[in-house]
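Notes follow once the structure below has been shown.
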Amino acid sequence: MNKVVKFGGSSLASAEQFSKVGKIIHADKERRYVVPSAPGKRNAKDTKVTDMLYACYELVEAEEDFRVPLMKIKDRYDTIINGLNLKLSLEEEFRKISENFKNKAGMDYAASRGEYLNGMVMADYLGYEFVDAAEVIFFDEEGEFDAEKTNAVLSERLLKAERAVIPGFYGAMPDGTIKTFSRGGSDVTGSIVSRAVHASCYENWTDVSGFLIADPRIIKNPKPIKTITYRELRELSYMGASVLHEDAVFPVRKAGIPINIRNTNEPDDEGTWIVESTCHQSKYTITGIAGKKGFVSVNIDKDMMNSEVGFGRKVLSAFEENGISFEHMPSGIDTMTVFVHQPEFEGKEQAVISAIHRLAKPDSIELEGDLALIAVVGRGMKSTRGTAGRIFSALAHANINVKMIDQGSSELNIIIGVSNADFESAIRAIYDIFVETQL
């Protein structure tokens, strides 16, 4: 049995945080493979090491002196090393980095050094083997992640390593050039390592105790989510919830490995489990609420629309012609509504209207802007009667006008459209009826 543990930047920002991480790793002998991020902020006014590296390399590209900012980055690591009483020296590593900067090694190389160096510190601190991600994580000629080659090489390499540290965020192109992941970099690496070692669990340690049912900026002290399925997670993240990116979930989802989101500062908290499927019923009918502002509804009316073959395709062709993707498309017998992102649509609205008239010949078109979409997600909704009715009741009680409601055939989520001005109030009303009141 083995676990892969990934630690975010805030968990590794200082020697004190490193010490917490060390205790967490040593508390469970199954935590054999560690994926560190670069040091994050130590306080609100501090700067992440990755941002310092980006700024430093911008000086390189501008042909300006970068040595002082690079030494400030070295000071960050030396402070951690000295705080942990390690004998490690990064002098030679920084000499190499300086040389590679002078040779214009690239922004990806610069950004990746934060994780690379932190991996060296972590390996020295734990007494684990250091495995450079550039030797085991690969991208193809087009810069796309090469999953199968990576899995084969990484599996073989880690089979020989009883305990290892693999830095997050980067890998290598076929010519050896460093390439970083575009989104959720270290989370992605942790997932890739988990698949390669057939981990029993992928623990993702951060500064929160798992996911919350709703945005804490809108709901005061929202309840945590104990267990969430991959499908529920996808629905919530798609609607703007700040959760793991799909790229970070896919490798473990494919391998059936559960993810456990944990809090480095509250290690006894169970956190949130992300699983493929579960027979555990959620305490609440819903799993989570998420949403986004800034949509436009394009309402198209045409008598006998439902009997006209290809009408929907013609309408959507008008959006495609103008390079606009749609978000939702509820319809009736003689009406069809297309929801699109307002910033993307505003500059092209007349071109789209003209194209709809030309292609679909509707009776009329009406636009309504400044709308918000809210997703209410939960596997428990399928087996609970009256979910939509409770949502309508809660919103009516809060004097909120519902502009649209759309329920997927899976009964996993319900999408509600309201005005931007009612967005926060609507989320509070829905949270109250399903979580606080639990009628």
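How many residues does segment 179-191 contain that are more than 25 Å from residue 232 (Cβ to Cβ) and either surrounded by 24 or more Cβ atoms within 10 Å (Cβ to Cβ) or not β-branched (Val, Ile, Thr) (or both)?
First, pick out the residues of segment 179-191 that are more than 25 Å from residue 232 (Cβ to Cβ): 179-180.
Restricting the remaining residues to those that are either surrounded by 24 or more Cβ atoms within 10 Å (Cβ to Cβ) or not β-branched (Val, Ile, Thr) (or both) gives 179.
The qualifying residues number 1.
Going through segment 43-75 one residue at a time, which ones are among the β-branched types (Val, Ile, Thr) and either farther than 21 Å from residue 95 by Cα or without any contact (Cβ under 8 Å) to a residue 60 or more places away in the chain (or both)? Result: 47, 60, 68, 73. Pairs linking a residue in segment 363-386 that is under 27 Å from residue 275 (Cβ atoms) to a residue that is among the aromatic types (Phe, Trp, Tyr) and open to solvent by 50 Å² or more (accessible area, probe 1.4 Å), with Cβ atoms under 9 Å and 6 or more positions apart or on different chains, are 375/238. Here residue 355 meets the list (1) in contact (Cβ under 8 Å) with a residue 40 or more places away in the chain; (2) hydrophobic (A, V, I, L, M, F, W, C); (3) open to solvent by less than 10 Å² (accessible area, probe 1.4 Å) almost entirely, failing just condition (1). If you check 161, 147, 152 for being among the hydrophobic types (A, V, I, L, M, F, W, C), open to solvent by 50 Å² or more (accessible area, probe 1.4 Å) and over 21 Å from residue 38 (Cβ atoms), only one passes: 152.
Which of the residues that make up segment 66-107 are in a loop (DSSP other than H, G, I, E, B) and open to solvent by less than 90 Å² (accessible area, probe 1.4 Å)?
Those that are in a loop (DSSP other than H, G, I, E, B) and open to solvent by less than 90 Å² (accessible area, probe 1.4 Å): 66, 84, 86, 88, 89, 90, 105, 106.
Between 114, 40, 119, 22, which is at negative phi, part of a loop (DSSP other than H, G, I, E, B), touching a residue at least 24 places away in the same chain (Cβ under 8 Å) and open to solvent by less than 50 Å² (accessible area, probe 1.4 Å)? Spell out how you get there, then give the answer.
Numbers: 114 fails: part of a loop (DSSP other than H, G, I, E, B); 119 fails: part of a loop (DSSP other than H, G, I, E, B); 22 fails: part of a loop (DSSP other than H, G, I, E, B).
Step by step, each of 114, 40, 119, 22 is checked, and only 40 is at negative phi, part of a loop (DSSP other than H, G, I, E, B), touching a residue at least 24 places away in the same chain (Cβ under 8 Å) and open to solvent by less than 50 Å² (accessible area, probe 1.4 Å).
For segment 282-305, the candidate set comprises residues that are of a type outside the set (D, E, K, R) and out of contact with any strand residue (DSSP E or B) (no Cβ under 8 Å at 6 or more places or on another chain); within that set, the residue that is nearest to residue 377 (Cα to Cα) is 285.
Tally up the residues in segment 169-187 that are under 17 Å from the mean Cα position of the chain (by Cα), part of a loop (DSSP other than H, G, I, E, B) and within 15 Å of residue 109 (Cβ to Cβ), please. Break it down into steps so the answer makes sense when it comes.
Applying the first criterion (under 17 Å from the mean Cα position of the chain (by Cα)) to segment 169-187 yields 169-170, 180-187.
Retained after the next criterion (residues that are part of a loop (DSSP other than H, G, I, E, B)): 169, 181-184.
Among the residues that remain, those that are also within 15 Å of residue 109 (Cβ to Cβ) are: 169, 181.
Result for segment 169-187: 2.
Filtering segment 302-309 for residues that are touching a residue at least 60 places away in the same chain (Cβ under 8 Å) and open to solvent by 10 Å² or more (accessible area, probe 1.4 Å) leaves a non-empty set.
Only residues that are surrounded by 14 or more Cβ atoms within 10 Å (Cβ to Cβ) and under 30 Å from the mean Cα position of the chain (by Cα) were counted across segment 322-334, and they come to 7.
Quick one: count up the residues across segment 126-140 that are out of contact with any strand residue (DSSP E or B) (no Cβ under 6 Å at 6 or more places or on another chain), within 18 Å of residue 113 (Cα to Cα) and part of a helix (DSSP H, G or I).
Pass one, segment 126-140, residues out of contact with any strand residue (DSSP E or B) (no Cβ under 6 Å at 6 or more places or on another chain): 126-127, 132, 135-136, 140.
Subsequent filtering for residues that are within 18 Å of residue 113 (Cα to Cα) retains 132, 135-136.
Now restrict to residues that are part of a helix (DSSP H, G or I): 135.
Qualifying residue count for the region: 1.
Taking the conditions exactly as written (over 30 Å from residue 390 (Cα atoms), within 22 Å of the chain's Cα centre (by Cα) and hydroxyl-bearing (Ser, Thr, Tyr)), does residue 307 satisfy them or not? Criteria not met by residue 307.
In this structure, residue 5 does satisfy being closer than 20 Å to residue 181 by Cβ, out of contact with any helix residue (DSSP H, G or I) (no Cβ under 6 Å at 6 or more places or on another chain) and assigned to a strand (DSSP E or B). Scanning segment 380-416 for residues that are over 18 Å from residue 215 (Cβ atoms), in contact with a Leu (Cβ under 9 Å, 6 or more places away or on another chain) and at pLDDT 85 or above turns up 390, 401, 402, 403, 404. Here segment 192-220 is the region considered, the condition is being in contact with a strand residue (DSSP E or B) (Cβ under 6 Å, 6 or more places away or on another chain) and in a helix (DSSP H, G or I), and the residue that is surrounded by the most Cβ atoms within 10 Å (Cβ to Cβ) is 193.
The values are calculated or read from the model by the stated rules, or taken from the named source; none is laboratory data. The shown structure was predicted, so the numbers you read here are calculated from the model rather than taken from an experiment. When we count neighbours, we look across all protein chains shown, and the Cβ atoms used for this are built from the backbone with ideal geometry, even at glycine. Heavy atoms of the whole protein, side chains included, go into the accessibility calculation; ligands, DNA and RNA do not. Shrake-Rupley method; radii C 1.70, N 1.55, O 1.52, S 1.80 Å.
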